[in-house]
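Heads up, the thing below is written out as C-alpha cells.
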Amino acid sequence: MQSKKRFTETNIWDDPVFMELTPHQKLCWYFINDRCDNIGVWTPNPKLIAFNLDIEGNPQQFLDDFLQAINEADELIHVMPSGEWLITDFVKFQYCQKKPLHPNNPAHKSYLQLIKEQNLLSWFSVNYPETLPESYLNEEKKTSIRPLKEPFETYKDKDIDRDTDRDIDTDKAQELEPFKQFAP
C-alpha cells in the first residue's frame, strides 16, 4: 500500500459541527480523510468502518448518522451517483489553497486525471472553480450540454456573415477593376 501524507486542519477541534460529533464520528472523519483517494473520494465500507472504529450495532446506520451529522451545516461530504463519498473541500485544502491545480505539475496532472475519470469536472467547475486551471474550466464550458436559446438564431447569424462577406468581396472587386488589364 502506498504511503500517503495529508494535511490536517488543527482548528477543526473548534469547529461547531465537529464539536457536536460523537467520538466515533470524529474518528470516522479522520478515517475517511486518511483512506480516501487523492481527490477525496472514498467508497463507503460499513464492515471496514465497524472493524477499524470498533462500532457496535449496525455499521450502515452509523455511516448514515455520520453523514447526516457531518452535513448538518454545510455539505462536507457529497454523495456521488455511484454511491462513493467525496470530501468536498479536500482538493482545495490539500493542493490548492492559493493557486489552482496546474496541468504541467506531474502531481496535479494525476489529480486532474482522477477528477476527469470520476466524472467530477462539472461538479468542481460549479462548486470549486478556483481549484481548476482555466483550460479545464473552458473545456467544461465547451463540453457541457446546454440547450440552445433559439436554434434558428445561428442560421440568421451565418446568413448575415455570408451577406457581409459578399459585400466585402464586391467592394474589393470594384477596387481591383482598373487593375484587371494587368492580370495574367
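The numbers here are math on the coordinates, done by the rules we state, and not lab data. Nothing here was measured: the structure is a model prediction, and the numbers come from that model. Every residue, glycine as well, gets a Cβ built from its backbone with ideal geometry; the counts of neighbours run over all protein chains shown.
Taking θ as phi - 60° and the Karplus parameters 6.51, -1.76 and 1.60, the scalar couplings of region 66-75 work out to 4, 4, 5, 5, 6, 9, 4, 8, 10, 7 Hz in sequence order, x denoting glycine and proline.
For region 26-93, how big is Rg over Rh, using alpha carbon atoms and the Kirkwood form of Rh? Answer for region 26-93: 0.94. With the simple model of a label 7 Å out from the Cα in the direction of the Cβ, residue 130 to residue 72 spans 2.6 nm.
Diagonalise the Cα gyration tensor of region 10-143 and give the resulting equivalent ellipsoid semi-axes, square root of 5 times each eigenvalue, largest first, whole Å.
Details: eigenvalues 171, 48, 35 Å².
Working through the eigenvalues yields semi-axes of 29, 16, 13 Å.
3J(HN,Hα) along region 45-62, derived from phi through the Karplus expression 6.51 cos²θ - 1.76 cosθ + 1.60 where θ = phi - 60°, amounts to 9, x, 5, 5, 4, 4, 5, 6, 9, 6, 7, 9, x, 7, x, 5, 5, 4 Hz, with x in place of Gly and Pro.
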